[in-house]
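None of the figures in this text is laboratory data; all of them are computed from the coordinates on show. Since the model is a prediction, treat every value here as computed from it, not as a measurement. Using ideal geometry, Cβ is built from the backbone for each residue, glycine included, and neighbour counts are taken over all protein chains shown.
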Amino acid sequence: MIKAFNIWDISEVKVQDQGLVRYINLEPKIVPKTGARYVGKKFHKSKVFIVERLMNKLMVAGHKGKKHYKSSGNTTGKGTTVYSIVEDTLKRIETTTKQNPIQVLVTAIENAAPREEIISIEYGGARYPKAVECAPQRRVDFALRQMAQGTSHKSFNSKKDAVSYLSEEIINAYNLSQKSAAIAKKLELERQSDSSR
């Protein structure tokens, strides 16, 4: 039986949110690096192991507001650097929570995935915000992106390393704590969409 990173068994890991079951891939990989095999194919991201998707987000976490916000530190696109960060993070999560870290990550993503978001519609020359349901693949993307950005912004020019911040981010999202950047952003987005309904 193949284990994730040749350490963690994934057969016990379950996705509780039925809307995300098809979009969180739990097919284990010893080395989660497919090398752009699915690029250009529709819904290709859903076929990629969820830990690898987190790694891909961490490699280029610097985008913020359509600008490349930060392009140094851990966000330089180096696969081996991010691989070691994620592996050490999962080990730290396991020692802290005494649970399977892949299950903790999956639950954190489910908790941080927003159900509603806002689009802008133009009506008679004026723009109005409108609340819409968030697509499942976009929900997973949003959660991973916010976790990666929260980690990269906190660890940039900091004495603490990225492993500490990423493990804190995932554990906080798992516990539904607002200390998590992803949970805080999700609640803000859902609050805005609730007011513009």
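General remarks:
- Length gained on full extension, Thr76 to Gln18: 17.4 nm, using 0.36 nm per residue less the C-alpha separation.
- ³J(HN,Hα), Karplus 6.51/-1.76/1.60, whole Hz, each residue of segment 114-128, x for Gly, Pro: x, 8, 10, 9, 10, 10, 9, 10, 9, 9, x, x, 10, 9, 10
- Angle between the chain longest axis and helix 79-97 axis [Cα atoms, degrees, rounded to 10]: 90 degrees
- Inter-label distance, Glu188 to Arg37: 3.7 nm, where each label sits 7 Å from its Cα along the C-beta direction.
- The angle between the Cα long axis of helix 162-174 and the longest principal axis of the Cα atoms of the chain comes to about 60 degrees, rounded to the nearest 10.
- Counting only DSSP beta bridges with both residues in the chain, the antiparallel share comes to about 90 percent.
- Relative intensity, log₁₀ I(q)/I(0), of segment 18-195 from a Debye sum that treats every alpha carbon as a point, q = 0.08, 0.11, 0.18, 0.19 Å⁻¹: -0.25, -0.48, -1.24, -1.37
- Set Lys78/Lys186; Lys57/Lys179; Lys47/Lys159; Lys33/Lys159; Lys91/Lys154; Lys41/Lys185 screened for pairs whose C-alpha atoms are more than 25 Å apart: Lys78/Lys186; Lys47/Lys159; Lys33/Lys159; Lys41/Lys185
- Along segment 28-37 the Karplus relation, 6.51 cos²θ - 1.76 cosθ + 1.60 evaluated at θ = phi - 60°, assigns HN-Hα couplings of x, 9, 5, 10, x, 8, 7, x, 6, 5 Hz to successive residues, with x for each Gly and Pro.
- The distance between label points at Ser84 and Asn157 comes to 2.5 nm (points 7 Å beyond Cα on the Cα→Cβ vector).
- Modelled spin labels at Ala126 and Ser11, positioned 7 Å past Cα toward Cβ, are 6.1 nm from each other.
- Debye, to nearest 20: dipole size of the chain, +1 on Lys, Arg Cβ, -1 on Asp, Glu Cβ: 640 debye
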